[in-house]
Amino acid sequence: MTVTRSVVLGCGSYLPARTVTNAELAAKVETSDEWIVQRTGIRERHIAADGELTSDLALKAAQAALADAKVDAQSIDLIVLATSTPDQTFPATAVTVQAALGIHHGAAFDLQAVCSGFVFAMTTADALLRSGNHKRALVIGAETFSRILDWEDRTTCVLFGDGAGAVVLEAQAQPGTRDDRGVLTTHLRSDGRYKDKLYVDGGPSSTMTVGHLRMEGREVFKHAVAMVTDVIEDAFKATGYGANDVQWFVPHQANKRIIDGSAHKLGITPDKVVITVDRHGNTSAASIPLALDTARKDGRIKSGDLVLLEAMGGGFTWGSVLLRW
Ligand code: ACO
């Protein structure tokens, strides 16, 4: 009996041209390259140019993913764009990308689950593809967090950056075993009791402003490893796979210490962990597809590899996706 699976056809990413090093930040706020590298693993981040919007980053990543997948934009009938930094409160940034790609059919919408956004977007696109109502999807994570940072707050401004990444997913008939290609299992969680640990102090309904990111870093750190390992164990239970079967662990790129702690707790060896946080900081919903694209383009991720994605972020929200490339 065949089943429908969402198979990755290609991926792409985009980082704004301007890089800002830790040394540059140390000239503006009381911090140092040594402190940032030691606590987070971040060495530099990319910052969007004036007038360069989340949709511009998303469009470039989407175009790169379409080229990598060797498919025409007109074959896309679903765009799910994960972002917490949309161009405008509405319409969705996804429809701006849809229009720029010249697509006038299908559906396009934004999804907001902060740093877990890409995992939530993959899960949503996978469900819509498996429903039979959509055939080919662009799943995008795109952010301009530089616009919601308080650049005088050293506890947050050193952590984040701008960027975008995308994958093309296609509904394909597969044999229906755990050796199938495509998304094999997804697991999402949220717990709003933690909503004040990482938030933005503004919004259209509360302050009529955009606001700035605020975070209790230590509290986030305390919960992060336990939460991500929880949903990864769910993925292993659902498929019968374990840490030894995973070829590539592609976690949300927030902080190298959280990534190392999660991999260690799960028994995933360091050689299987894809880390790009040093080069772009925490790009929230964009970080997983940026890391995926890096590992695909440098030849690490190959067709048939078992790839494990996970993320945790504001809300708190967290989740995992296990797929075969
Ligand atoms: N430079 C220098 N010193 C700093 C900086 C900085 N940029 N930021 C804070 N400090 C100081 C603090 O003021 C404090 O000084 P004090 O002891 O005199 O009060 C000291 O460093 C220690 O501060 P802590 O907050 O306890 O430092 P900690 O070791 O917890 O590291 C960090 C902070 C890196 C934010 C850590 O808590 C962390 O990684 N948390 C997870 C946050 C995260 O990754 N969030 C991303 C979003 S959520 C997600 O995507 C999972």
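The values are calculated or read from the model by the stated rules, or taken from the named source; none is laboratory data. Not measured: the values here are computed from a predicted model. Every residue, glycine as well, gets a Cβ built from its backbone with ideal geometry; the counts of neighbours run over all protein chains shown. Please note that ligands, DNA and RNA were not included when accessible areas were found on the heavy atoms of the full protein model with its side chains. Shrake-Rupley method; radii C 1.70, N 1.55, O 1.52, S 1.80 Å.
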- Within the stretch 52-69, can one find any residue that is small (Gly, Ala, Ser) and assigned to a loop (DSSP other than H, G, I, E, B)? no
- Message: Need the failing condition index for Ala238 against (1) in contact with a Gly (Cβ under 7 Å, 6 or more places away or on another chain); (2) not in a strand (DSSP E or B), just the number.
- Response: (1)
- Query: Say we look at the stretch 150-175 and pick out the residues that are in contact with a His (Cβ under 8 Å, 6 or more places away or on another chain) and open to solvent by 10 Å² or more (accessible area, probe 1.4 Å); which of these is nearest to the ligand (Cβ to nearest atom)?
  - Reply: Asp153
- Query: So which residues in the stretch 130-155 are in contact with a helix residue (DSSP H, G or I) (Cβ under 8 Å, 6 or more places away or on another chain) and either of a type in the set (S, T, N, Q) or outside the structural domain of Pro86 (by TED's automatic domain parsing) (or both), if there are any at all?
  - Reply: Thr144, Thr155
- Conditions (1) surrounded by fewer than 22 Cβ atoms within 10 Å (Cβ to Cβ); (2) assigned to a helix (DSSP H, G or I); number of the one not met by Gly211: (2)
- Message: Considering only residues that are more than 25 Å from Pro86 (Cα to Cα) and open to solvent by 10 Å² or more (accessible area, probe 1.4 Å), which ones fall in the stretch 274-321?
- Response: Ile275, Arg296, Lys297, Asp298, Gly299, Arg300, Lys302, Ser303, Gly304, Asp305
- Message: Take the residues in the stretch 69-80 that are touching a Gly at 6+ places or on another chain (Cβ under 8 Å) and open to solvent by less than 50 Å² (accessible area, probe 1.4 Å); name whichever of them is nearest to Phe118 (Cα to Cα).
- Response: Ile79
- Can you give me the number of residues within the stretch 1-58 that are within 10 Å of the ligand (Cβ to nearest atom) and surrounded by fewer than 13 Cβ atoms within 10 Å (Cβ to Cβ)? 3
- Item | Any hit, the stretch 216-224, residues being closer than 30 Å to Asp153 by Cβ, more than 16 Å from the ligand (Cβ to nearest atom) and among the β-branched types (Val, Ile, Thr) | no
- Message: Can you find, within the stretch 250-267, the residue that is farthest from the ligand (Cβ to nearest atom) among those that are more than 19 Å from the chain's Cα centre (by Cα) and open to solvent by 30 Å² or more (accessible area, probe 1.4 Å)?
- Response: Gly267
- Task: Among the numbered conditions (1) open to solvent by 10 Å² or more (accessible area, probe 1.4 Å); (2) under 16 Å from Gly165 (Cβ atoms); (3) of a type in the set (S, T, N, Q), tell me where Gln247 comes up short.
- Result: (2)
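Which of the residues spanning the stretch 8-36 are aromatic (Phe, Trp, Tyr) and either closer than 30 Å to Arg181 by Cβ or under 20 Å from the mean Cα position of the chain (by Cα) (or both)?
Tyr14
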- Item | Conditions (1) under 24 Å from Val119 (Cβ atoms); (2) open to solvent by 20 Å² or more (accessible area, probe 1.4 Å); (3) not hydroxyl-bearing (Ser, Thr, Tyr); number of the one not met by His105 | (1)
- Item | Qualifying positions in the stretch 37-68 - more than 11 Å from Ala164 (Cβ to Cβ), within 19 Å of the chain's Cα centre (by Cα) and of a type in the set (Gly, Ala, Ser) | Gly41
